[in-house]
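The structure appears below as structure tokens.
Please treat every number below as a calculation from the coordinates, not as lab data. These figures come from a predicted structure and were not determined experimentally. Backbone-built Cβ (ideal geometry, glycine too); neighbour counts: all protein chains shown.
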Amino acid sequence: MMCQVIGLDLFAGSGALGIEALSRGMDKVIFVDQNFKAVKVIKSNLANLDLEAQSEVYKNNADRALKALSKRDIQFDVIFLDPPYNKGLIDKALKLISEFNLLKENGIIVCEFSNHEEIDYQPFNMIKRYHYGLTDTLLLEKGE
């Protein structure tokens with residue numbers, strides 16, 4: 001059994017981050033968004049690109065989705081967090097990702113957020129932080 005590279009696009013929106021990852025060779029991505037329209041758009045984008053077999057799409061909020069995923073005994077190589085800005089959603093998601101041990105040992109979390117936001121990324125370690133205009137991107141890995 002080959003080791004599959006699996007991603008999670010948690011506040012998926014249009015699914016752009018996860019779809020980009022699939023197009024660059026990721027084996028599978030699970031998409032989650034609580035908005036019905038967003039889920040429809042993701043499904044339609046995946047169908048148009050013939051990526052349905054490599055994906056799962058769920059309409060759910062982040063907390064419930066992470067809890068459900070923890071029961072499936074699944075771990076991710078890459079987790080994308082690009083939620084609505086300034087709502088503290090990244091901090092909350094990171095706590096649950098850590099609690100449920102959803103990141104593989106050498107996995108990476110990619111967070112996108114407003115540069116006005118302070119992110120509490122413990123217990124993860126920061127690999128790098130990028131500034132793009134009003135948006136910051138943070139790359140995190142598992143702490144010791």
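Restricting attention to segment 6-141, close to 45% of DSSP beta bridges with both partner residues there are antiparallel. Between the beta carbons of K43 and A68, assuming R0 = 22 Å, the FRET efficiency works out to 0.75 to the nearest 0.05.
Overall, the chain carries a charge dipole of about 420 debye about its Cα centre when +1 sits on the Cβ of Lys and Arg and -1 on the Cβ of Asp and Glu, all other atoms neutral. Once a ≥ b ≥ c are taken as the square roots of the eigenvalues of the Cα gyration tensor of segment 1-72, is the result rounded (a/c under 1.5), prolate (a/b larger than b/c) or oblate (a/b not larger than b/c)? Verdict is oblate for segment 1-72. Bin by bin, in steps of 5 Å, what percent of the Cα pairs in the chain do you find, going until the bin that has the longest distance? Going from the shortest bin to the longest, the percentages are 2, 10, 21, 23, 22, 15, 6, 1, 0. Segment 66-138 to segment 6-49: how many Å between their Cα centroids? First find each Cα centre; the distance between them is then 17 Å. Determine the sum of side-chain charges near T135: Lys and Arg each +1, Asp and Glu each -1, restricted to other residues whose C-beta is under 11 angstrom from that of T135. Taking every Cβ under 11 Å from that of T135, the sum is -4.
Shape class of segment 72-129 from the Cα gyration tensor (axes a ≥ b ≥ c, square roots of the eigenvalues): prolate, since a/c reaches 1.5 or more and a/b is larger than b/c.
A crude spin-label estimate for the pair N61 and E117, with each label 7 Å from Cα along the Cβ direction, gives 1.6 nm.
Rank S98, S70, I109 by how far each Cα sits towards the positive end of the charge dipole of segment 6-141 (+1 on Lys, Arg Cβ; -1 on Asp, Glu Cβ) and give me just the farthest. Value: S70.
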